[in-house]
Amino acid sequence: MTTYLIKGARPLGGDAADILVKDGRIASIGDSLTVPSAEMVDAAGLIALPGLVDLHTHLREPGREDAETVETGSRAAALGGFTAVHAMANTDPVADTAGVVEQVWRLGEQAGLVDVVPVGAVTVGLKGERLAELGAMADSAARVRVFSDDGHCVADPALMRRALEYVKAFDGVVAQHAEEPRLTVGAQMHEGDRSARLGLTGWPAAAEEAIIARDVLLAGHVGARLHVCHVSTAGSVELLRWAKSRGVQVTAEVTPHHLLLTDACAEGYDPVFKVNPPLRTDEDVAALRAGLADGTIDAVATDHAPHAVEDKESEWAQARPGMLGLEQALSVVVETMVETGLLDWPGVADRMSVRPAAIGRLSGHGRPIAPGEPANLLLLDPSSRAVVDPAALASRSRNSPYAGRELPGRVVATFLRGVPTVLDGKAVR
Amino acid sequence: MKRHLLEAADLDRADATLVLDTAAQIDQALAGREVKKLPTLRGRTVVNLFYEDSTRTRISFELAAKRLSADVINFSAKGSSVSKGESLKDTALTLEAMGSDAIVVRHSASGAPHRLAHWVRGSVVNAGDGTHEHPTQALLDAYTIRQRLGRLEGVRVAIVGDVLHSRVARSNVGLLHTLGAEVTVVAPPTLLPVGVGSWPVEVSYDLDAVLPKADVVMMLRVQAERMNASFFPSAREYSRRYGLDADRMAVLGDEAIVMHPGPMNRGMEIAAEVADSVRSTIVEQVGNGVSVRMAVLYLLLGGAPS
């Protein structure tokens, strides 16, 4: 195993130091280390962060390998600075059995670019009718701890209560896609001034907030852990703040696109901007940023959702919802949170690595940059700026909402347990 | 004029007035002529691309193009490659390759004409997209109002009915505002969009309070299936609260007119005796539709009038 000496990086944005990576771990950190046998990585001016952890990735395999595979999605993740991603369960077949989650986990091992952590479906076939075999998935080789019907809400309150209770047996968490389905029939975009004018059926903020309100009450009542996926409204942030103040074990994530983009993107009807939950208003964006800054929202999660060209190059209503996120997530956080002064580098590490790893119960990720720790690291050039070119992405799909937009920050290198997956800004393989 | 007519906002006041004036010139030019045909668009090809059944709008556009001597192709989504799953983009590129100069599109998806306009070099005319807009309907309505009342500036227009789902309402609100009319939308709160407060209109839930002040009452079609989705309790209650019957017509001012884009639900939003009264412009609207669509095609394809 090659030993690497990372020269002059700034761990969590602090003072420059040399980091020696050996046998998968951080061997030592110090000034002017010299290890003749080590391969040098010039990291002058670069920020060192713990490898990022995504709680919400769609890798599309099995079922839609034309849109993404575990391998292409893993490569996109590595290029984005991730060392672990949670693969959502809405594949075909659905990841609702030990067999499917083990298949996804094994594909991740074979790709070997990030730790692919399968999410198990809460209900059989994501249908919201009866619980999937959650315990079997937890006990499988994939060791599932996060369960989600993402794409669908576990709308039945009694079923949601049972799911929250049941996963306590193996320290699991239910990640809820908060969307009251009766309030979003045919919904296409945020319900407000723009939807009224554009003639697109509205997706009211209350449809998300109603479910969050219900579920934090349920989680508090049964003493279970609840995670809320892709929070998108100012009202949701308020509800989460209230629930946390009452001691409810609730965590939440926000996507990069909800931190940056608004429903103004729907003008022109380009379905690359169609996503669920929809892009909201400037006020929502400000509240989400503030919630992430003060920790009400625990994590940034990409909701990376690759789609084949024909599923996006269509009428708005016919297009599938979702957008790419893995390769630009950190850049968007730099733009919206760091350059605005809302979050410092330790804060970025906390929201993109430490807390998501804790929510997913991943012991080897989200660790401090310190001797003896697993060498899951990324090196970021914060001063670099580049225009996003979808054709240059490693994802198999091209539905990036950031196409043509200049964003700051470039991931120069990523290490997964001491092995580089990205060097000089390029995937190693 | 812009290259496409996708929504009312594509027309500023000068452009909108130009369309109406051009329609009036066309009407004059054709009045009393045995051969109702102008040579203006000879050799140009207009495609009617209809993804929704709409015989009246398609015929209106077809007649407009033919009276300008354009070649007209009717491309109906039913029974074509579209029903076999061809995408809107592939259809657009096919029509483009065949040399169409303008595509008139009707589609059930809001924004479909905007996507189409991205993919073709010719002009795109929106003939109704989902619950978004139907700009030539608004132009023919404005033309009809001007013809009857002699002006648009300051005219008080009440648009009554299912504003939430109405592309006619959206286009009329935009265009009438551009042309200086004062618009009030009247509907039960369930049939108004949440964002209606940002529109340049007054909002009322009370038809009886609005009627005495209205110069124009524009009734919208209410689809019975809205009832099943609890937008209102019953057709009878809707009709009682928001239908235009003879009693309500009696409170209108002397000059006031009654409009409807058709097709009507007689007895639901409009009583037969109202639809057939002298105040009703419903038949004129149909005739004016052809003139206004001729003007639009002429201005988009033929350039400004000499």
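All of the numbers you see were taken from the coordinates with simple rules; none came from a lab. Predicted, not measured: the structure shown is a model, and the values here were computed from it. Glycine gets a Cβ as well: all are built from the backbone with ideal geometry, and neighbour counts include every protein chain shown.
Quick notes
- Karplus-derived HN-Hα couplings along the stretch A:259-268 (A = 6.51, B = -1.76, C = 1.60, θ = phi - 60°), whole Hz, x at Gly and Pro: 7, 10, 9, 10, 5, 4, 5, 6, 4, x
- Shape of the stretch A:52-359, Cα gyration tensor, a/c cut at 1.5: rounded
- Positive end of the dipole of the protein assembly as shown (Cβ unit charges, origin at the Cα centre): among A:A427, A:G81, B:V286, the Cα lying farthest that way belongs to B:V286.
- MRE, 222 nm, helices only [DSSP H, n ≥ 4, -39500 (n - 2.57), over the protein assembly as shown, to nearest 500]: -9000 deg cm²/dmol
- Most to least packed among B:10-17, B:281-288 [average Cβ atoms within 10 Å]: B:281-288, B:10-17
- Test item: B:106-114 mean partner chain Cβ contacts at 10 Å: 6
- Farthest positive-ward along chain A dipole, Cα basis, beta-carbon charges - from A:L59, A:T123, A:A392: A:T123
- Basic side chains Lys and Arg get +1 at the Cβ, acidic Asp and Glu get -1 at the Cβ, and with that the dipole of chain B about its Cα centre reaches some 800 debye.
- Among B:A187, B:A117, B:A272, the largest mean-square fluctuation in a Gaussian network model of chain B (Cα springs under 10 Å) belongs to B:A272.
- Rounded, prolate or oblate (a/c below 1.5 giving rounded, otherwise prolate when a/b exceeds b/c) for the stretch B:135-285 by Cα gyration tensor: oblate
- Residue by residue along A:190-197, Cβ atoms of other protein chains within 10 Å of the local Cβ number 6 on average.
- Placing a label point 7 Å from the Cα of B:E225 along the Cα-to-Cβ direction, the residues of the stretch A:190-215 whose backbone N falls under 20 Å of that point are A:199-203.
- Difference of contour (0.36 nm per residue) and Cα-Cα distance, A:R429 to A:W242: 62.7 nm
- Among A:W105, A:W203, A:W316, the residue with the largest mean-square fluctuation in a Gaussian network model of chain A, with springs joining Cα atoms closer than 10 Å, is A:W316.
- Dipole moment magnitude, nearest 20 debye, the protein assembly as shown about Cα centre, only Lys, Arg, Asp, Glu C-beta charged: 960
- Residue order, fewest to most surrounding Cβ atoms within 10 angstrom, among A:I369, A:I47: A:I369, A:I47
- Taking Cα centre as origin and charging only the Cβ of basic (Lys, Arg, +1) and acidic (Asp, Glu, -1) residues, the dipole magnitude of the stretch B:135-285 rounds to 300 debye.
- Using the Cβ-Cβ distance between A:R182 and A:T340 with R0 = 35 Å, the FRET efficiency computed as 1/(1 + (r/R0)^6) comes to roughly 0.40.
- Per residue of A:112-119, other chain Cβ atoms within 10 Å of the residue Cβ number 0 on average.
- Least to most buried among A:T233, A:T91 (fewest other Cβ within 10 Å first): A:T91, A:T233
- Protection proxy ranking, peptides A:306-315, A:16-25, average beta carbon neighbours within 10 Å, highest first: A:306-315, A:16-25
- The distance linking the stretch B:92-161 with the stretch A:210-273 is 39 Å (Cα centroid to Cα centroid, whole angstrom).
- Anisotropy class of the protein assembly as shown from Cα gyration tensor, a/c 1.5 cut: prolate
- GNM flexibility winner over chain A from A:V114, A:V222, A:V272 (Cα, springs under 10 Å): A:V222
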